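A.B. asks: Before anything else, here's the structure in question.
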Amino acid sequence: MATIYPDEPGAVAFETLSGTAAEVRKKLRSADDDQVVALALEHGTPKLRQALAQAVTLITPLILARLARRDQETLDKLVDALVPQVPPPQHLVAEARMNAEARTDVLMSAEWLTAAQLSELAGFSGQNASAQPNKWKRDGKIFAVRQQGNDYYPGYALDADARYRPLKGLAPILKRFGNDLEDWDIAIWFASVNSFLGGVRPMDILKSDPDRVLAAAQDEIDGVLHG
């Protein structure tokens with residue numbers, strides 16, 4: 001007989017009893033109301049019985065500990081489900097709301113085309129027709145905003161007189177922005193009234209006066225770099 005008292009708080013003490021059925025019954029008379037798990041060996045030998053008892057003694061603490069951890073994990077999950085989520089800081093909520101409103105204004109301020117729509121306007125056809133707008137974007141000739149998994153290209157950046165190719169004056173402006181502004185930031189800049197341009201939106205004079213828009217872009221970058 002071996003009695004085990006695990007060290008972990010709340011762990012269950014247990015003991016193993018081995019012997020013949022009569023020997024085990026005699027030992028169990030003093031077990032009071034303890035819970036009992038019995039394993040009978042129909043053709044076992046005393047040596048096998050002793051080896052199995054030792055094995056049970058070794059693995060039982062591991063099983064009990066695992067069951068205790070599982071119960072604790074279940075309890076933790078229940079507690080997490082019942083405790084209210086920690087609300088995000090108010091300044092992040094306000095920033096997200098302002099950003100969403102700005103993006104909505106951008107999308108409402110102009111026509112935006114998917115790669116497929118732009119390809120159709122530009123007269124491209126075939127299975128890879130949509131690849132051309134993507135190439136223009138990679139080459140820095142135009143930009144696109146990402147919305148719900150799709151790229152959208154600004155209609156004001158296209159030259160209808162040149163079969164809807166990107167306006168030539170746009171590439172130097174995008175090059176001036178470089179990596180300092182993300183695509184959505186660029187779109188918001190083009191759609192916002194600009195004090196450098198006397199309250200005119202850059203998108204409104206991009207075709208007629210690209211040099212002024214380029215100068216305004218330089219002023220924007222100077223402001224970003226110098227805070």
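A.B. asks: Based on this model, can you work out whether Gln147 counts as more than 23 Å from the chain's Cα centre (by Cα) and surrounded by 11 or more Cβ atoms within 10 Å (Cβ to Cβ)?
C.D. replies: Here the answer is no, as Gln147 does not meet what is asked.
A.B. asks: With (1) open to solvent by 40 Å² or more (accessible area, probe 1.4 Å); (2) assigned to a helix (DSSP H, G or I); (3) not aromatic (Phe, Trp, Tyr) as the list, and Ala216 as the residue in question, which single condition is left unmet?
C.D. replies: So the condition that Ala216 fails would be (1).
A.B. asks: Looking for whichever is surrounded by fewer than 14 Cβ atoms within 10 Å (Cβ to Cβ), in contact with a strand residue (DSSP E or B) (Cβ under 9 Å, 6 or more places away or on another chain) and modelled with pLDDT of 95 or more here; the options are Lys207, Lys141, Lys168. Which one fits? Can you show your working first?
C.D. replies: Details: Lys207 fails: surrounded by fewer than 14 Cβ atoms within 10 Å (Cβ to Cβ); Lys141 fails: surrounded by fewer than 14 Cβ atoms within 10 Å (Cβ to Cβ).
Of the residues listed, the single one that is surrounded by fewer than 14 Cβ atoms within 10 Å (Cβ to Cβ), in contact with a strand residue (DSSP E or B) (Cβ under 9 Å, 6 or more places away or on another chain) and modelled with pLDDT of 95 or more is Lys168.
A.B. asks: Considering each of Ala187, Ala94 in turn, give the residue that is of a type in the set (A, V, I, L, M, F, W, C), under 33 Å from the mean Cα position of the chain (by Cα), outside any strand (DSSP E or B) and over 19 Å from Ile221 (Cβ atoms).
C.D. replies: Details: Ala187 fails: over 19 Å from Ile221 (Cβ atoms).
Only one candidate passes the filter, namely Ala94.
A.B. asks: Could you please find all residues in the range 66-80 being open to solvent by less than 80 Å² (accessible area, probe 1.4 Å) and either touching a Leu at 6+ places or on another chain (Cβ under 8 Å) or not polar (S, T, N, Q) (or both)? Reasoning before the result, please.
C.D. replies: Just the residues of the range 66-80 that are open to solvent by less than 80 Å² (accessible area, probe 1.4 Å), to begin with: 67-68, 74, 76, 79.
Within the range 66-80, Leu67, Ala68, Asp76, Val79 meet the criteria.
Okay, residues lined up against (1) farther than 30 Å from Asp204 by Cα; (2) in contact with a helix residue (DSSP H, G or I) (Cβ under 7 Å, 6 or more places away or on another chain):
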site	(1), (2)
Gln35	yes, no
Lys47	yes, no
Lys77	yes, no
Val93	yes, no
Ala96	no, no
Asn99	no, no
Ala115	no, yes
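A.B. asks: Just the residues that are out of contact with any helix residue (DSSP H, G or I) (no Cβ under 9 Å at 6 or more places or on another chain) and not small (Gly, Ala, Ser), please, taken from the range 138-154. First the steps, then the outcome.
C.D. replies: If we filter the range 138-154 for residues that are out of contact with any helix residue (DSSP H, G or I) (no Cβ under 9 Å at 6 or more places or on another chain), which is where we start, we get 138, 148-149.
The answer is Arg138, Gln148.
A.B. asks: Under 7 Å between Cβ atoms, which residue pairs at least 6 apart in sequence (or on different chains) link something in the range 86-106 that is touching a residue at least 24 places away in the same chain (Cβ under 8 Å) with a partner that is among the small types (Gly, Ala, Ser)?
C.D. replies: Partner pairs satisfying both residue conditions: Asp105/Ala191; Val106/Ala187; Val106/Ala191.
A.B. asks: Return a yes/no flag: does the range 171-178 have any residue that is modelled with pLDDT of 95 or more, assigned to a helix (DSSP H, G or I) and more than 35 Å from the chain's Cα centre (by Cα). Write out each step before concluding.
C.D. replies: Initially, the range 171-178 is screened for residues modelled with pLDDT of 95 or more, giving 171-177.
Adding the requirement that they be assigned to a helix (DSSP H, G or I) leaves 171-177.
From the residues that got through so far, the ones that are more than 35 Å from the chain's Cα centre (by Cα) too are none.
Within the range 171-178 (the criterion being modelled with pLDDT of 95 or more, assigned to a helix (DSSP H, G or I) and more than 35 Å from the chain's Cα centre (by Cα)), the answer is no, since none of the residues qualifies.
A.B. asks: Ala100 fails exactly one of the following numbered conditions: (1) modelled with pLDDT of 95 or more; (2) loosely packed, with under 15 Cβ neighbours inside 10 Å. What is the number of that condition?
C.D. replies: Going through (1) modelled with pLDDT of 95 or more; (2) loosely packed, with under 15 Cβ neighbours inside 10 Å one by one, Ala100 breaks only (1).
A.B. asks: Can you pull out the residues in the range 50-64 that are open to solvent by less than 80 Å² (accessible area, probe 1.4 Å) and under 49 Å from the mean Cα position of the chain (by Cα)?
C.D. replies: Result: Ala55, Val56, Thr57, Thr60, Pro61, Leu64.
A.B. asks: Oh, and also: Of everything in the range 190-204, what is within 20 Å of Ala110 (Cα to Cα) and either touching a strand residue (DSSP E or B) at 6+ places or on another chain (Cβ under 9 Å) or in a helix (DSSP H, G or I) (or both)? Give them in sequence order.
C.D. replies: Across the range 190-204, the qualifying residues are Phe190, Ala191, Val193, Asn194, Leu197, Val200, Arg201, Pro202, Met203, Asp204.
The values are calculated or read from the model by the stated rules, or taken from the named source; none is laboratory data. Everything numeric here is computed off the predicted structure, so don't read it as measured data. Neighbour counts run over all protein chains shown; Cβ positions are idealised from the backbone, glycine included. With ligands, DNA and RNA removed, areas are computed over all heavy atoms of the protein, side chains included. Shrake-Rupley method; radii C 1.70, N 1.55, O 1.52, S 1.80 Å.
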